[in-house]
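A short worksheet on the structure shown next.
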Amino acid sequence: MNESIKAVTELANGWLQVKVPLPFSLKWVNAYLLPEENGWTLIDPGLHTNETEHFWLAVMSEYEIRWQDIRTIVVTHHHPDHFGMAGWFQQRTDATVYLSQVALDSANRLWSEHEAFSDELTEAFLMHGMAPELTEDMREHMRGFREKVSPQPADLSILQPGGTFGMGGVEWNVLMGEGHAPGHLIFYDSVSGWLLCGDQILPDISPNIGWMPGGDPDPLGSFLNSLQEMLPLEVKMVFPGHRDPFSLFRQRIEELIDHHEHRLMKMAEIIGNEDKSAFEVCELLFSPRLRNNAHQLRFALAETIAHLIRMERRGIVIRLESESSPEGLSRIRYRLTV
Ligand SMILES: [Zn+2]
């Protein structure tokens, strides 16, 4: 049995959990294959690389899945590790790709208008105090993602939150999660108590909650609201986008809320008596070593800004914006209100 096949788990409900490899610290993203009467529904096919192409060919051959057996592709959100292979699969299977309208708009913004988005993000990060010498690495790193989400899927169908959607013999309630990615689809079945939730709720790791220009103005606020809204759901098993399925749903929601509340307090301590930029807070909160890792730095700084925005909205900090500098950018700093 080869490496890739160990990465497939046959779940008790008859689904296949396929751990699609990732070239960063998350290690894998879960694709799920749900059996249909005439084939399979594929959820979140993964990031598109040479390795994942070979990986999928091996998995499909082992499980005797032909291209035409994949009838439907569902993408929970637009992040490259979930959405990246949707077009590659569609070209081979002719399956329709389902996602939310907001996810589609976000994908277009990130992947079709890439340079404009990258300009805006760089500018915003400079305003938040990022050292200018770090911007080129970050831009280059983001450019590298374009081929990992190509080709883009062409035949797309929009799923509306509030409706239902049938897959794997279940009529799912379609919900929308916020905070991690705009328009993140979540599927809930009250009969079985199953929740397919992409990256909205993950075991062991906290989903990245990052601010991006033109996106959610208060992603952490949206995330915490979203968790509160999900809390009453009667969930017996969660099928997440990373790590393994788990059952302690409410406990995990409470842990995630606690994690962010603690982080908000920790950041207030870090700011202390002197106003600081988001970049300074980020390096004190995480580590200056992040400077060597453009991928981690982007996530960490976006996450720090999301927390500072939440603190500002709660009245814990005020945002100070200086006059424009010679490069035409103002500087944003945060000061504790008490
Ligand atoms: Zn994600």
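The table below lists the values:
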item: Qualifying residue in region 143-158 (condition: assigned to a loop (DSSP other than H, G, I, E, B), within 14 Å of the ligand (Cβ to nearest atom) and within 13 Å of the chain's Cα centre (by Cα)); result: no
item: Single condition Arg298 does not satisfy, out of (1) part of a helix (DSSP H, G or I); (2) open to solvent by 70 Å² or more (accessible area, probe 1.4 Å); (3) among the basic types (Lys, Arg); (4) within 16 Å of the ligand (Cβ to nearest atom); result: (2)
item: Condition check for Asp94: charged (D, E, K, R), within 30 Å of Arg319 (Cα to Cα), modelled with pLDDT of 90 or more and open to solvent by 10 Å² or more (accessible area, probe 1.4 Å); result: no
item: Only listed residue being in contact with a strand residue (DSSP E or B) (Cβ under 6 Å, 6 or more places away or on another chain) and at pLDDT 95 or above, chosen from Pro219, Pro207, Pro203; result: Pro203
item: Any hit, region 165-173, residues being exposed (fewer than 13 other Cβ atoms within 10 Å of the Cβ), farther than 14 Å from His82 by Cα and free of Cβ contacts under 8 Å to residues at least 60 places away in the same chain; result: yes
item: Region 301-333 - residue that is in contact with a Lys or Arg (Cβ under 8 Å, 6 or more places away or on another chain), among the β-branched types (Val, Ile, Thr) and open to solvent by less than 70 Å² (accessible area, probe 1.4 Å) and, of those, farthest from Met265 (Cα to Cα); result: Ile332
item: Count of residues meeting criterion [open to solvent by 10 Å² or more (accessible area, probe 1.4 Å) and outside any loop (DSSP other than H, G, I, E, B)] in region 33-47; result: 4
item: In region 237-251, the residues that are among the charged types (D, E, K, R), in a loop (DSSP other than H, G, I, E, B) and over 16 Å from Gly14 (Cα atoms); result: Arg243
item: Within region 39-81, considering residues that are charged (D, E, K, R) and within 16 Å of the ligand (Cβ to nearest atom), the one modelled with the highest pLDDT; result: Asp44
item: Filter result (part of a helix (DSSP H, G or I) and not polar (S, T, N, Q)) within region 285-295; result: Leu285, Pro288, Arg289, Leu290, Arg291, Ala294, His295
item: Tally, over region 188-203, of residues that are more than 13 Å from the ligand (Cβ to nearest atom) and either part of a loop (DSSP other than H, G, I, E, B) or buried (at least 24 other Cβ atoms within 10 Å of the Cβ) (or both); result: 7
item: Residue within region 20-32 that is free of Cβ contacts under 8 Å to residues at least 60 places away in the same chain, open to solvent by less than 10 Å² (accessible area, probe 1.4 Å) and not in a strand (DSSP E or B) present; result: no
item: Test: Ala302 is hydrophobic (A, V, I, L, M, F, W, C) and within 24 Å of Pro182 (Cα to Cα); result: yes
item: Residues satisfying the stated conditions in region 130-164, i.e. buried (at least 19 other Cβ atoms within 10 Å of the Cβ) and either hydroxyl-bearing (Ser, Thr, Tyr) or touching a Cys at 6+ places or on another chain (Cβ under 9 Å) (or both); result: Met130
item: Number of the exception - Ala107 against (1) open to solvent by 10 Å² or more (accessible area, probe 1.4 Å); (2) small (Gly, Ala, Ser); (3) closer than 23 Å to Gln152 by Cα; result: (1)
item: Answer from Ser206, Ser226 - the residue that is open to solvent by less than 20 Å² (accessible area, probe 1.4 Å), among the polar types (S, T, N, Q) and within 15 Å of the ligand (Cβ to nearest atom); result: Ser226
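The values are calculated or read from the model by the stated rules, or taken from the named source; none is laboratory data. Just so you know, these numbers come straight off a predicted model, no measurement behind them. In this analysis, Cβ positions are derived from the backbone assuming ideal geometry, glycine residues included, and neighbour counts consider all displayed protein chains. Ligands, DNA and RNA are excluded from the accessible area calculation, which covers all protein heavy atoms including side chains. Shrake-Rupley method; radii C 1.70, N 1.55, O 1.52, S 1.80 Å.
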